[in-house]
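What follows is a short report on a single structure.
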Amino acid sequence: MGTNYRRVLLKLSGEALMGNMGYGIDPEVVKGIAQEVGEVVATGVQLAIVVGGGNIFRGVKAASAGMDRATADYIGMIATVMNAMTLQDSLERTGVQTRVQTAIAMQELAEPYIRRRAIRHLEKGRVVIFGAGSGNPFFTTDTTAALRAAEIDAEVIFKATKVDGIYDADPHVYPDAKRFTSLTYAHVLAKDLRVMDSTAIALCKENNIPILVFDLTVRGNIHRAVMGESIGTLVGGSCEIS
Ligand code: UDP
C-alpha cells in the first residue's frame, strides 16, 4: 500500500516531548517519537518537523509575569532550538538523517533557515527540523508550521496532540460528545475550537493546507496518518461527524 502523502509537515508541541513530566524533556518519549518518525520516513514520505517550546518556556506566560514580551518570545524561540536538537540527536541515533534549520542564526549548531535548501534536504530523504519558530516574536510555532508548510509546499500539516481529534463538546465533561472526522476552517475559526491559533488556521485556509489533528500518544498513529487511515479530525474539508 502506498502512502497518501508525498510531503508532510509534522507539528510537535514542546509538551509532546515532555510526556507526563511537568517540565522539560522525557528521553523515552522522544525516543518513541524518533522511532515512529523513522518508520514513516522509511516509507519514502518526505517529512519536515516544526517543534514547539512550551515544555521549557512560553513567551506569553513570562510576559504576563512582567517580562518584556519580545524578549520573552526570543527566549521561547531558543527553547524550541533545544527541543529541535534533542529530536535530532534521537532521530540520528535511530539511523534517520536529519538537518536542523533555525530561523535565528546559530550557525555553530544548526543551518540557518534557507527554503530551497530545506526542500533539497527533503528530496534527499532527510528529515528537516525547523527550530526557533518563525524568528519573530508575537508568533507561535503553530503559525510557523502553517508558514513553513506553505513555503515548502507540504500537502498537509499533522498536528500531533494528546487527544484523538476535535469534538463537538468537551469529551471529558460530556461522555456522548461526538468527534468530527472533518471540519471546515471557517467552522474552527467561528467556534474558536483552539486546534491551532487563529493566525495559523487563517494561513492554512488561505493556502489550502489541510490540518490533520490526531493523538500522538497512540503508537503508530503518525504512520496511520501517512497511510491515509481515517484517524483524528481533518480540518479543511466539509463538516462531518463520526
Ligand atoms: N515563539 C515566538 N515566535 C515564533 C514561535 C515561537 O516568539 O515564531 C516563542 C513564543 O514565546 C512561544 C515559544 O516560542 O511561547 C514556544 O513556542 P510555542 O508556545 O508555540 O510552543 P508549543 O506550544 O508548540 O510547545
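What follows is calculated from the coordinates using simple rules that are stated; it is not laboratory data. Predicted, not measured: the structure shown is a model, and the values here were computed from it. All Cβ positions, even for glycine, are placed from backbone atoms using ideal geometry, and neighbour counts span all protein chains on display.
Neighbour counting of Cβ atoms within 10 Å sorts the residues 50, 218, 173, fewest neighbours leading, into 173, 218, 50.
If you count, for each residue, the other Cβ atoms within 10 Å and average over each peptide, how do 222-232, 137-147 line up from highest to lowest?
Values: 222-232: 18.8, 137-147: 24.0.
Ranked from most to least packed, the peptides come out as 137-147, 222-232.
Post the alpha-carbon centroid distance, segment 42-59 to segment 118-164, in whole angstrom. Measuring centre to centre over Cα atoms gives 7 Å. When Rg and Dmax are taken over the Cα atoms of segment 95-242, they come to 16.4, 52 Å.
Computed over segment 117-203, the Cα gyration tensor eigenvalues convert (square root of 5λ each) into semi-axes of 29, 15, 12 Å, ordered from largest to smallest.
Obtain the nm distance between the two label points defined at residue 61 and residue 39 by a simple spin-label model: each point lies 7 Å from its Cα along the Cα-to-C-beta direction. A separation of 3.1 nm, rounded to one decimal place. DSSP beta bridges confined to the chain are antiparallel in about 20 percent of cases. In summary, the helical segments of the chain meeting the span-like criteria, namely a full DSSP H run, a Cα extent along the axis of 20 angstrom or more and a mean Kyte-Doolittle hydropathy of at least -0.5, are 27-42, 69-93. Highest average first, the peptides 29-35, 60-66 ordered by how many other beta carbon atoms sit within 10 Å of their residues are 29-35, 60-66. Below 8 Å, C-alpha to C-alpha, sequence gap of six or more: please give me the relative contact order for segment 69-158 in percent. Contact order relative to length: 31 percent.
At 0.36 nm per residue, minus the direct Cα-Cα distance, what do residue 240 and residue 94 gain on full extension? Give it in nm, one decimal, please.
Details: separation 146, 0.36 × 146 = 52.56 nm, distance 3.83 nm.
Value of the extension gain: 48.7 nm.
Between residue 107 and residue 31, the FRET efficiency from the beta-carbon distance, with R0 = 25 Å, is close to 0.35.
Over all distinct Cα-Cα pairs of segment 30-141, the Kirkwood formula returns a hydrodynamic radius of 14.4 Å.
For residue 116 and residue 219, FRET efficiency with R0 = 35 Å and r from the beta-carbon atoms, rounded to 0.05? Kindly include the intermediate steps, with their values, before the conclusion.
Details: r = 35 Å, r/R0 = 1.00.
According to the calculation, E is roughly 0.50.
A full extension of the chain between residue 229 and residue 75 corresponds to an added length of 51.7 nm, given 0.36 nm per residue minus the alpha carbon distance.
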